[in-house]
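The values are calculated or read from the model by the stated rules, or taken from the named source; none is laboratory data. A quick note: this is a predicted structure, and the numbers were derived from the prediction, not measured. Counting neighbours? That spans all protein chains shown, and the Cβs are built from the backbone with ideal geometry, glycine included. For the accessible areas, the whole protein counts, side chains as well, though only heavy atoms, and no ligand, DNA or RNA atoms are used. Shrake-Rupley method; radii C 1.70, N 1.55, O 1.52, S 1.80 Å.
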Amino acid sequence: MSMDGPGTITWDEFLENAERFVEMSSQISDGWELRGDKKMPGEAYVARKQKQYICSGNNLNDRLTPRYNDDSTDDFDFVLKQDPFEATCPIERPLVTEHHVLWSMSYSVPILYFNGWKSDFPGVNPISMEEAQSLVHNGELKYKDLSQAIHPILGTPFLHLHPCMSHELLQITSNSKNKLVSWLSTVAPAALNLKLRCEYCQLTI
Amino acid sequence: MSKFVKFSKLRSATDSTFWAKFVELKIDKFKLDEKSISIWGSYGLQSLNEDNSNPLTLDFTSFNEDVETVDNSLSVLCCGRMINTNTFEAFRQINPEKFIDSMGKDVINSIQDGTALQSPWKLSLFLVLAYSDLKKYKFYYWVAHPTPLRLPEMYYEESPKSINEEFRAKHVEDLCQGFLQLDSRTKNYFTVLLSEGDKMIIVDLATGVKAINTSNEKQSQEYNEIYFAFYDPCATSNPGWPLRNLLCLLCWHCPTYYFSKVIKFISIRGNKAQKSLVFAFRSRHYENYKNERDSLFLSNLVGWESNLNDKLGPTIVNLSDTMDPAKLSDRAVNLNLKLMKWRLVPHLDLEKIYNLKCLLLGAGTLGCAVARVLLGWGVNNITFVDNSNVSHSNTVRQSLYSHQDAVKHKYKAYAAKDAVLNIRPSINAEGVVLHIPMPGHVVGESMLESTKKSLEKLEELVENSDVVFLLLDSREARWLPTVLCAAKNKIAINAALGFDSYTVQRHGTRNFTNPISPDLEVRNPRGVDLGCYFCNDVTQPGNSQTDRTVDQQCTVSRPGLSQIAAGLAVELLITLLQHPLGIEAEALVRRDNISPSDTDLVGLLGCVPHTIRGSLWNYDTHLTITHRFTSCTACSVPIVAEYKNRGLSFVLDACNMPNYLEKLSGLEQILKRPDLDELCYALDNTSDDDEDDKKI
Ligand SMILES: [Zn+2]
């Protein structure tokens, strides 16, 4: 077992925090759930799959939303007969995201694994690492921090935020009643703009 | 005049199972058939995103022939036709307007012959035009919801109402319940009647149309109110696209009603119909409405979707990450390398390494070990050249071979190729069985033809490579490849083993015709002044096998040695590739006073020596330099020039004529010089090689 100290969180604390987090989620129905084997340290994690829509035309948001253009679609832009009966309506761009919060045995900190797909379904048109990096505000993360890694439980590639920066974050949040929530709310914007509902804040005080 | 009615367009979505199933069917069943196939699509009613439009979803059940196996009461089922072109060109050349006109005819037919009245799903016909790139797992598709461009204009009689405003609570409940109880195909379109006893009744379109027409004839109303209902996947204030074909159907089957009355429609929205809206429309006044009706279907069809870029064109689905088994292993391999890039060496050029074309001459202990390290670096193109077979004595030392290879006595070149493909299926691997012509190994008449072929093949292989590894088991076998690399200016990496000592070396560059000696005083000479394997020899390579005893002919090395040398050989290459000067990088000799800012010497991954020699006897490693030798029997200007001039006949002379290379290179002249001792001293000073290595 790893040493407990400032900037770390024990498995027991992680699990306790995670259970509170999921309880709150079921109260406000925002879809987080606990998966895996809770009896084995590091084998259980909090996860959510979500589908959202990105509306076009919002310039402020454009910088923080993935590009849907594929170079190879540029060849196709047909001009067809004008149809007077067709209503103009904003284009709806689906984005499926999956976020997993795991506990790292080697660092004794939570780690965020995530993936995003620019379609209605997971697996179709994934968001690349470079794209995920470009979506981080002001590019404040280097690819050192946001990279790709094999999900330790599922064995498939995910984007992730390297745990090395979590030590510092956990130190800052050491007064929190739920370090997991405090930590997650800090790192979430870097993970495809994950948003945590403000209700979770109650868990930290 | 009130607002003119417009319609919101539809959106469709395919999940990965749809394409996985399609690929399976394409390979096993459709093959090259480009005929249209029937498919199902559905609007799911479990969706939670109710503020957004509900996409028409295609998945693996879309291809089921029997509707019962698709039928799901929690969805609205539509039927469609799909055409997949075999080539991208054919896909591009299809005219979308002609395509929708011809493929969408079924909608018009079903309205005109009345079959849509009983089978309302025929009104929501959709079309899919697709091209599937089965190699790249990339799919192009474009969906259309055909409807006539021409439509007698409708105007809002009043603003749309929610069902809660239109109906009392009991009827809202009846409507929602009634909708959910409908068969998934009849959920598309139906009729809602309010009877005189204020009962809500849900019936099919045929019954609704009949009720309209009888009341018209009898001038009396059997029902208090008649609503035509349609499932509406759209979420805007406009009615959704499916209403268009319903309007056409009503215009065709009850024109008097259509052109004179206020018609009420229920747009069924939300997963339990709870968000439904009621629209009340009235037609524009037409002088000759019969004419309007009759010309309804003379127009073209419209209804192509816009893609997520808001363009009229196909959507591209890239499934290589999930569907391609080779890509899966690729991703994992690349991930390790990318981690190195991401975390340690951000400027590492992995593309360059991936694209590198490596020719491995010799597929023995060194060849196998070098290939393993190249795999580790993610090199994607490896060609093995060898002319021997796997024997039982090889398998424990030559890490690519198995017992089975020895049992089958497979050629090493082929066995090595199969082995790397087994390790990484996506790699470009080749195996070539070839005997390399060697000086001193006389080519007799009978061998002439095969020697010619071997030379041609070897020339072609070297020409098509970026790097040639010399991993052969004899000195003279390295001669011709050295000449070819010098002539074609390819990177040559040489590795040779003794019993417990090794030599790993990069050859200097030879794209010049200047025969002047390099400056021997330069501390770290550049690639252009570095020698080759033969540059410090004072005899030409000859038949080393003839005057040796059996145990000398077969080099036996300590087993760990090949792994060490192979590791060094590949790392030397990679360091070289990531050096700003590439093969011209200055050679490292002395390890003291290396300044990281000296970019002629220090590259991204550090320094690149010329020759690394090491021994397991005392675990020593030292770096040496051999300068380019103007009378080298393999890389000097006269040799390269003669090869370029005479090709095969030069090679034959080198093989057959004693001392031919010594004469040609000028080595013979030098050996006769009175100042030979001084010259040798100068040569020895820059390379302190031991006698052991020379024998290799
Ligand atoms: Zn040479």
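With the Cα gyration tensor of the stretch B:554-624 giving a ≥ b ≥ c as the square roots of its eigenvalues, does the rule (a/c under 1.5 for rounded; else a/b larger than b/c for prolate; else oblate) give rounded, prolate or oblate? Verdict is prolate for the stretch B:554-624. Per residue, the convex hull spanned by the alpha carbons of the protein assembly as shown comes to 232 Å³.
The stretch A:77-113 and the stretch B:587-655 have Cα centres lying 54 Å from one another.
Considering only beta bridges that DSSP places wholly inside the stretch B:330-693, some 50 percent are antiparallel. With a 10 Å cut-off around each Cβ of A:115-123, the average count of Cβ atoms from other chains is 5. Shielding value for B:304-313 is 6, the average number of Cβ atoms from other chains within 10 Å of each residue's Cβ. Here, the stretch B:330-693 yields an orientationally averaged convex hull projection of 18.7 nm² when only Cα atoms define the hull. What is the Cα centroid distance between the stretch A:150-205 and the stretch B:439-494, reported in whole angstrom? After rounding, the separation between the Cα centres reads 59 Å. Each Cα pair under 8 Å and six or more residues apart adds its sequence gap; the mean of these over the residue count of chain B is a relative contact order of 10 percent.
Placing B:H441, A:H100, B:H285 in order of accessible area, with the largest value first and a 1.4 Å probe, yields B:H285, B:H441, A:H100.
With an 8 Å cut-off on Cα pairs and a minimum separation of 6 or more residues, tell me the relative contact order of the stretch B:154-303 in percent. Relative contact order of the stretch B:154-303: 28 percent. Derived value for the stretch B:154-303: Kirkwood hydrodynamic radius 15.9 Å. Basis is the mean of 1/r over every pair of different alpha-carbon atoms.
Beta bridges per DSSP, both residues in the stretch B:74-159: antiparallel share near 55 percent. The share of accessible area on the protein assembly as shown that comes from carbon and sulfur is 51 percent, using a 1.4 angstrom probe.
The long axis of helix B:676-686 is offset from the longest Cα principal axis of chain B by roughly 40 degrees. Projecting the Cα atoms of A:A149, B:V396, A:V101 onto the dipole axis of the protein assembly as shown, where Lys and Arg carry +1 and Asp and Glu carry -1 at the beta carbon, places A:V101 farthest toward the positive end.
The residue among B:H435, B:L623, B:P518 whose Cα reaches farthest toward the positive pole of the charge dipole of chain B, with charges on the beta-carbon of Lys, Arg, Asp and Glu, is B:H435. Distance from the C-alpha centroid of the stretch A:31-56 to that of the stretch B:184-245: 44 Å, rounded to the whole angstrom.
Summarising the strand pairing of the protein assembly as shown, around 70 percent of its internal DSSP beta bridges are antiparallel. Apply 1/(1 + (r/R0)^6) to the Cβ-Cβ distance of A:M40 and B:N336, taking R0 = 22 Å, and write down the FRET efficiency to the nearest 0.05. E(calc), rounded to 0.05, equals 0.25.
Quick one: angle between helix B:325-339 and the longest Cα principal axis of chain B, in degrees between 0 and 90, rounded to 10, please. That works out to roughly 60 degrees.
Sorted largest first by accessible area at a 1.4 angstrom probe radius, with every protein chain in place, the residues B:L374, B:L648 fall in the order B:L648, B:L374.
For the stretch B:330-693, the relative contact order comes to 17 percent (Cα pairs under 8 Å, sequence separation of at least 6). The largest accessible area among A:Y107, B:Y401 belongs to the first residue in A:Y107, B:Y401, and the rest follow in falling order (1.4 Å probe, all chains). Summed over both chains, the accessible area lost when B and A associate is about 4600 Å², using a 1.4 Å probe. From the largest down, chain B spans 131, 58, 47 angstrom on the principal axes of its Cα atoms.
Using a simple spin-label model with pseudo-atoms 7 Å out from Cα toward Cβ, A:L154 and B:T87 lie 4.0 nm apart. Taking the Cα atoms only, what angle lies between the long axis of helix B:16-25 and the longest principal axis of chain B, rounded to 10 degrees? Relative to chain B, helix B:16-25 is tipped by roughly 80 degrees. Legend: mean number of C-beta atoms from other chains within 10 angstrom of residue C-beta atoms, peptide B:4-14, equals 4.
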